[in-house]
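The block underneath contains the structure these notes are about, expressed in structure tokens.
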Amino acid sequence: MGASAPQAPQRQLAEVEGVLERITYANEETGYTVARVDTGRGANDLLTVVGALLGAQPGESLRLHGRWGSHPQYGKQFTVENYTTVLPATIQGIRRYLGSGLIKGIGPRFAERIVEHFGVDSLDVIEREPERLIEVPGLGPKRTALITAAWEEQKSIKEVMVFLQGVGVSTSLAVRIFKKYGDSSIGVVKNEPYRLAADVWGIGFLTADKIAQSVGIPHDSPERVKAGLQYALSQSSDQGNCFLPEERLIADGVKLLQVDVGLVIDCLAELVAEEGVVRESVPGPDGEPITAVYLVPFHRAEISLANQLLRLLRTDADKVPAFGSRSETPVDWTKALSWLARQTGAELAPEQQEAVKLALTEKVAVLTGGPGCGKSFTVKSIVTLALAKKAKVVLAAPTGRAAKRLSELTGAPASTVHRLLELRPGGDAAYDRDRPLEADLVVVDEASMLDLILANKLAKAVAPGAHLLFVGDVDQLPSVGAGEVLRDMLATHSPIPSVRLTKIFRQAQQSGVVTNAHRINQGLPPLTDGLPDFFLFVEDDTDNAAGLTVDVAARRVPQKFGLDPRRDIQVLAPMHRGPAGAGNLNTLLQAAVTPAREGLPERRFGGRTFRVGDKVTQIRNNYEKGQNGVFNGTVGVVTALSTEEQKLTVLTDEDEEIGYDFDELDELAHAYAVTIHRSQGSEYPAVVIPVTTSAWTMLQRNLLYTAVTRAKKLVVLVGSRKALGQAVRTVSAGRRHTALDHRLATG
């Protein structure tokens, strides 16, 4: 046998200490970071460091373990394999550390004063004699107490950090684990690592599994398999499914966990017995029965929503009796509709008249239809007639923007569904079956966005006899959360009465946006020549398309149409990843719209940098924030950022100011570009849509249709004709796994 090729020598492991000066690049998905570190040879002689540094903050002194190497373009650099934070020992290091905003209550100004007063002993004084801080000019007892508390917390966190970094947990997750469990953090991580996936936002099963392996939990432990099965179901619910067929769940479990199929089947049976999941037979797509496995909350919500809708539909009580057949003085509809035409200044088309009658005579009804077909005017007519008969009308929509629009349209106040129900920490609503809403007619706009859990909370809060009207476009993307509530209510055998508006009104026919939305929905390519409000910039190369998208959104559209790039223009991408994905476009758009400026405070978190003026969106439901919680998809602008108080303030679309501590910034993402899914329910004066072949798997008709229908005045597509053709031709594959339609049909 011939000799094997000589192995490249493995470079020696080395150790470097220094102060992290700045992070030049960070990828939050992989954790890969490029940073500049001052190793003490002066600020002009910085070392380039690459590798896993996510979580480290500028100003921290780091002990880095890794290997020396060189880069053909950037020269000598150090590749980090792991790091620990250490307390700085030099005056310059201490000044930089204290001034970086890492300790609450100390900004650059007070750092300067503390170091001037105590010199190299500054950190010792804070550690051992914090009461002496009062000697520093301008530091009163209040701020001294704040600094002392922050230092203590930092110290406790550091101990937990050292342990967690040893088992491969990033700093930002370690902070969150510490916030959740405090001093018992290490115990929980060692003994019950799978609890983390359920308890701590941002830690999924995969992270918990990695930790579990590090602390020695066996690969075939039943606890691991059960946690894995629940994770597979929760991943599936993130993709919109309310359940998974049992066979599919078992196959997913085997693949995910890499264990024997028999063990997965046994553990699933244990989970059913422990009531961790529910198993039930439901009809499959072809009508044949399949065994469905649900997470408990989705099973409960599906049964409850079906029962509640049927209960409302069939009750004899009527809170809007003037329009019912049992009324002593039944409404003369000819008179009512001509009075309405005088009030609103326009006649209703026959299908609109039918929708008005339906909403005011049936207890539950659905109004659907595409753009330009008069849904909004129909809703206004329904509300006008109901108010004329002294009915108490309540209007709601899933997002702040949609609620604002509904209010402008009807002239009556509207709120988000979350605010209407007054959701509390933990997700419970102040209004439910025992305490229903004071309403005779409840109208919910943008109902395609309602997921199963929220729709159930809403239906429970409607009093028997009140009328509930769902309004939405069923051809748009289904909700981000699990379920297809609007589609299930419109299913063939559904008992819920509905009207579909199909006639496009004349003024709407003159809009390229409306015309093309309907063309796309019918599987026809949009018209892209000679329209004043619909454009296609052809660019086949994905990287170039990304650059062109940014140029169009940040420069060309604002110049030509006088629109504000932050407030009026929204970039909508088919997916988050890739060169023309929302993640990368946000980085490029931020650089174009809100660039770094000397003296402008900023805060880096993971791979993102936040600045005053940034357009941001909340990416999880947080019931603890604001008046009634802040919800996934809420958009706002950063109005203040204090490194001293370690806090950032966002003014949301609903005109509410929300504060975020720096360690909560992973709840925020930039929103110059968002995925089309996240744009549901919002409307923007102009949208710019990159349509590139790199998003091939996501290019579907309802995705493109949803994006185009978000625009009020202007659509600009950027990308390739091939990708656009793919999006128009591809009808999304299959329905989500839900059984609401079956439960409604069988009563």
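The values are calculated or read from the model by the stated rules, or taken from the named source; none is laboratory data. No experiment lies behind these values; they were computed from the predicted model shown. Note that we place each Cβ from the backbone using ideal geometry, even for glycine, and neighbour counts take in every protein chain shown. Heavy atoms of the whole protein, side chains included, go into the accessibility calculation; ligands, DNA and RNA do not. Shrake-Rupley method; radii C 1.70, N 1.55, O 1.52, S 1.80 Å.
Taking segment 496-505 as the range and being in contact with a helix residue (DSSP H, G or I) (Cβ under 7 Å, 6 or more places away or on another chain) and open to solvent by less than 50 Å² (accessible area, probe 1.4 Å) as the test, the residues that pass are 496, 497, 499, 501, 504.
Per-residue answers, yes or no, for (1) open to solvent by 50 Å² or more (accessible area, probe 1.4 Å); (2) closer than 27 Å to residue 486 by Cβ; (3) out of contact with any Asp or Glu (no Cβ under 8 Å at 6 or more places or on another chain); (4) of a type in the set (A, V, I, L, M, F, W, C):
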position: 269; (1), (2), (3), (4): no, no, yes, yes
position: 282; (1), (2), (3), (4): no, yes, yes, yes
position: 288; (1), (2), (3), (4): yes, yes, yes, no
position: 291; (1), (2), (3), (4): yes, yes, no, no
position: 294; (1), (2), (3), (4): no, yes, no, no
position: 305; (1), (2), (3), (4): no, yes, yes, yes
position: 310; (1), (2), (3), (4): no, yes, yes, yes
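The number of residues in segment 414-471 being part of a strand (DSSP E or B) and at pLDDT 95 or above comes to 9. Across segment 6-20, the number of residues qualifying as at pLDDT below 85 and open to solvent by less than 100 Å² (accessible area, probe 1.4 Å) comes to 1. If you check 662, 631, 610 for being hydrophobic (A, V, I, L, M, F, W, C) and over 18 Å from the mean Cα position of the chain (by Cα), only one passes: 662. Applying the condition of being surrounded by 20 or more Cβ atoms within 10 Å (Cβ to Cβ) and aromatic (Phe, Trp, Tyr) to segment 73-117 and asking which residue is modelled with the highest pLDDT yields 78.
The sole residue among 678, 604, 597 that is assigned to a strand (DSSP E or B) and of a type in the set (Lys, Arg) is 604.
So that you can scan it fast, the table gives a plain yes or no per residue for (1) in contact (Cβ under 8 Å) with a residue 24 or more places away in the chain; (2) closer than 22 Å to residue 677 by Cβ; (3) open to solvent by less than 40 Å² (accessible area, probe 1.4 Å):
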{"residue": "563", "(1), (2), (3)": "yes, no, yes"}
{"residue": "571", "(1), (2), (3)": "yes, yes, yes"}
{"residue": "581", "(1), (2), (3)": "yes, yes, yes"}
{"residue": "584", "(1), (2), (3)": "yes, yes, no"}
{"residue": "588", "(1), (2), (3)": "yes, yes, no"}
{"residue": "603", "(1), (2), (3)": "yes, no, yes"}
{"residue": "606", "(1), (2), (3)": "yes, yes, yes"}
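Which one of 232, 227, 198 is open to solvent by 70 Å² or more (accessible area, probe 1.4 Å), under 30 Å from residue 740 (Cβ atoms) and of a type in the set (Gly, Ala, Ser)?
Answer to the selection: 198.
Within segment 258-285, the set of residues being in a helix (DSSP H, G or I) and either farther than 25 Å from residue 195 by Cβ or in contact with a Cys (Cβ under 9 Å, 6 or more places away or on another chain) (or both) comprises 261, 262.
Taken residue by residue, segment 677-687 has at least one member that is at pLDDT 95 or above and either of a type in the set (Phe, Trp, Tyr) or under 20 Å from the mean Cα position of the chain (by Cα) (or both). All of (1) open to solvent by less than 50 Å² (accessible area, probe 1.4 Å); (2) touching a residue at least 60 places away in the same chain (Cβ under 8 Å); (3) farther than 22 Å from residue 569 by Cα; (4) outside any helix (DSSP H, G or I) hold for residue 732 with one exception: (2). Total residues in segment 166-181 satisfying the condition of being part of a helix (DSSP H, G or I) and in contact (Cβ under 8 Å) with a residue 24 or more places away in the chain: the figure is 9. When residue 66 is tested against (1) closer than 20 Å to residue 646 by Cβ; (2) modelled with pLDDT of 80 or more; (3) open to solvent by less than 30 Å² (accessible area, probe 1.4 Å), exactly one condition is not met: (1).
Go through segment 529-559 and give me each residue that's polar (S, T, N, Q) and in contact with a helix residue (DSSP H, G or I) (Cβ under 8 Å, 6 or more places away or on another chain). Those that are polar (S, T, N, Q) and in contact with a helix residue (DSSP H, G or I) (Cβ under 8 Å, 6 or more places away or on another chain): 542, 549.
Residues in segment 240-253 that are under 19 Å from residue 198 (Cβ atoms) and open to solvent by 40 Å² or more (accessible area, probe 1.4 Å): 252 only.
This table checks each residue for (1) open to solvent by less than 30 Å² (accessible area, probe 1.4 Å); (2) closer than 24 Å to residue 513 by Cβ.
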| position | (1), (2) |
| --- | --- |
| 342 | no, no |
| 351 | no, yes |
| 362 | no, no |
| 366 | yes, no |
| 385 | yes, no |
| 388 | no, no |
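Give the residue, chosen from 423, 406, 441, that is surrounded by 22 or more Cβ atoms within 10 Å (Cβ to Cβ) and under 19 Å from residue 466 (Cα atoms). The conditions single out 441.
Within segment 71-139, which helices (runs of 4 or more DSSP H) (wholly inside it) include 3 or more residues that are over 19 Å from residue 46 (Cα atoms)? By residue number, 108-118, 122-128.
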